[in-house]
Amino acid sequence: MTTKSATLKKKGARNIRHIVQAAFFIIVAVTTTASVLSEKGISIPFIPDASLHAVCPLGGVVSFWQLLNFGTLVKKVHESSVVLAVLGLLLALLFGPVICGWVCPFGTFQEWLGKLGRKLFGKKYNNFVPRKLDKALRYLRYLVFAWVSYMTVISGKLIFQDYDPYYALFNFWTGEVAVAGFVALGAVIVLSLFVERPFCKYACPYGAVQGVFNLLRIFGIRRNAPTCISCKACSKACPMNIDVSTSKVVRDHQCISCLECTSDAACPIPATVDMIALPGSVKDSYKKPAAAKSSAAKE
Amino acid sequence: MKLSIKSMAVIVVGAFSLGIAGANLLGFWQTTSSKQPVAIKEGEFAGLPNPADIRGSYTWADVANAFGFDVKLILRAFGASDETEKVNALEAIYGAAGLPAGMEIGTDSVRLFVSLLTGLPHIAEDSTVLPVSAIAVLRESGKAEAALIDAAAAKAYDPAKAATSAVPAAPGSPTSSIAPAQPASTTITAVKTESATDHVATVGALTGKTTFQELKDWGLGEVDIKSVTGGKIGPDASIVKDWMAANGLTFSELKVRLQELLDAKK
């Protein structure tokens, strides 16, 4: 296969995910818009309507406690949210957070803005935040999830709605978005020009739940060290800044299963970075470069 | 087994399509509420719809249908004209009309109105008030005790009296067929305008703002509380009423039993 045809094939493979993402974005945008219009007495023929809460799995996740204890759902949450939450958890157990990488319209929105950021800042894009700070900030989303869950349990209301930039994006024209929601959306829009998927990395409560499944997932990203040429194309392609090129198996809690790092997409060597069924005992064999050097010297 | 980008696309799209279709077949794919409030579980009103479960997404017609009264009554009470409009428009309308701070006319006002109209129990938030036009309707058709209607009348909102200090509606505020209702009767005895909404707990007196911690401080043990709530208890900081509403329990029914336990501890 020529280099040109290989490049085209990889581009085509990448586009498959972009098409799936765009399709889910359009479906959510159209159904939620139809829902708001329907409430105003305007119905669109052949378009099913559902509120954003009805098609967001987070509502289902934060309703689990109430559902298990009392058989009721948090206000504004519908049964469809629970269906999506269960579906999301099953997919995450098998393949990791595919919902984040392939389905979530807000992740897609941030990626689209990121393309603009990449044009503006080139290689500097997605590398502005110092590593240590970035690593620490990535645990913030677990705090956000803990807060959202606690507040939802004690109030029985979707407390996060007022601060949710995802809700603000799809409802900005309805008059139902709180000021904090607009502020959060504005912040995400600006940050997306510097950092890829800032909300997913630092604040998304649903991403936090999904991220934990990276430690348990059955199918995962594996790098085949013997064929790896250490070009770091996989690490550079990762929107979540995971250092794939030094891992044997990616178990990073931030992986979104986008497969951008794989030999189907960024990796230039076939069968070197792949999504495969992982044996349970395989751990991430990440070694810091210094440690790796010293162990090589001993050998 | 290796998964390519193509196969992952098929898996994701297939899982969602089949998952949603399957849930639909089994009747789990519900994206809207039924517009039917949950039933009261205990007491003399058991089986009847619970006013506390009226949601902001209900239209005036939904409320009237669910509780079996003429929709014209509730339209007249709140100065509305379009029965297909949602009741959650009230807060924006009355807020823009210059409702004093600490007073709210919103979905809880609709719950209170329905409660007084039908005689079904509901404990409203401290800040919840009714417009005077609603009091006029209740005086004519309400099934609740006169004393309860009098209590609602005592703190009812009178747009005419507030007109001199009303703030003009903000540009871009939601359009609606609801106009802040004008007084339809002169039978209202008093208009309460002070806005004391901060929660100051009176020891041993259970209200809509009481927390589980306060119940414990007043001498109720977890076992006592659980004996009333069916074996469950909320976090200490949560408000008993909100927690019960969130968990499908009826505060107005269980409040009486909790209060009896509190009184017994005195």
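Taken together, the values in this text are just the output of simple stated rules run on the coordinates, not laboratory data. Keep in mind that what you see is a predicted model, and the values were worked out from it rather than measured. FYI the Cβ positions are ideal-geometry reconstructions off the backbone, even for glycines, and counts take in every protein chain you see.
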What helices does chain A have that are whole DSSP H segments, at least 18 Å long along their own axis by Cα, and with mean Kyte-Doolittle hydropathy of -0.5 or more? A:3-39, A:57-70, A:79-95, A:105-121, A:140-155, A:179-192
Rounded to one decimal in nm, the spacing of the 7 Å Cα→Cβ label points at B:ALA61 and A:TYR142 is 5.1
Would you mind computing Rg(Cα) / (2.2 N^0.38 Å) for the stretch A:218-286, counting N as its residues? 0.96
Listed with the fewest Cβ neighbours within 10 Å leading, A:ASP264, B:ASP263, A:ASP134, A:ASP252 appear as B:ASP263, A:ASP134, A:ASP252, A:ASP264
Taking only C-alpha pairs under 8 Å that are 6+ residues apart, what is the relative contact order of the stretch B:51-165 in percent? 25
Can you pull the mean other chain C-beta count within 10 Å for peptide B:6-15? 6
Orphan Cys of the protein assembly as shown, criterion: no other Cys C-beta under 4.7 Å: A:CYS56, A:CYS100, A:CYS104, A:CYS200, A:CYS204, A:CYS228, A:CYS231, A:CYS238, A:CYS255, A:CYS258, A:CYS267
If the limit is 25 Å between Cα atoms, which of B:LYS41/B:LYS266; A:LYS75/B:LYS41; A:LYS119/A:LYS248 go over it? B:LYS41/B:LYS266; A:LYS119/A:LYS248
Within 13 Å, Cβ to Cβ, of B:LEU48, how many net charges do the neighbouring residues add up to if Lys/Arg are +1 and Asp/Glu are -1? -2
Simple spin-label estimate for B:ALA101 and A:TRP112 in nanometres, 7 Å along Cα-Cβ: 4.1
Run the dipole for the protein assembly as shown about the Cα centre, Lys and Arg Cβ at +1, Asp and Glu Cβ at -1, nothing else charged, and hand back the magnitude in debye, nearest 20. 3900
Give me the lysines in straight-line cross-link reach of A:LYS76: C-alpha distance below 20 Å, same-chain residues under 8 apart excluded. A:LYS40, A:LYS157, B:LYS35, B:LYS86, B:LYS241
Amide H proximity to A:VAL273 below 5 Å, modelled H, separation 5+ or other chain, gives A:ASN224, A:SER263
In nanometres, the difference between 0.36 nm per residue of separation and the alpha-carbon distance of A:LEU216 and A:ALA187 is 7.2 nm
Kindly put A:VAL179, B:VAL240 in sequence by how many other C-beta atoms sit within 10 Å of each C-beta, fewest to most. A:VAL179, B:VAL240
From other protein chains only, count the Cβ atoms within 10 Å of every residue's Cβ in A:72-79, then give the mean. 5
Where a Cα-Cα gap under 20 Å defines reach, which lysines qualify for A:LYS10, not counting those fewer than 8 residues away within the same chain? A:LYS115, A:LYS232, A:LYS236, B:LYS2, B:LYS6
Fewest-first ordering of A:PHE106, A:PHE219 by Cβ atoms within 10 Å yields A:PHE219, A:PHE106
So for the stretch A:3-213, what are the equivalent ellipsoid semi-axes in whole Å, largest first, each being the square root of 5 times an eigenvalue of the Cα gyration tensor? 29, 22, 18
As straight-line cross-link partners of B:LYS265, the qualifying aspartates and glutamates (C-alpha separation under 13 Å, not fewer than 8 residues apart within one chain) are B:ASP217, B:ASP224
Would you work out the relative contact order for chain A, in percent, from Cα pairs under 8 angstrom that are 6 or more residues apart? 19
In nanometres, what is the gap between the two model label sites at B:ALA151 and B:LYS226, each 7 Å from Cα along Cα-to-Cβ? 3.2
Strictly greater than 13 Å: what percent of every Cα pair in the stretch A:172-226 meets that? 72
Quick one: if the Förster radius is 30 Å, what FRET efficiency do B:ALA160 and B:VAL71 give, using the C-beta to C-beta distance and rounding to 0.05? 0.75
First obtain the Kirkwood hydrodynamic radius of the protein assembly as shown from its Cα pairs, then insert it into the Stokes-Einstein equation at 25 °C and 0.890 mPa s, and state the resulting D in µm² per second as a whole number. 92
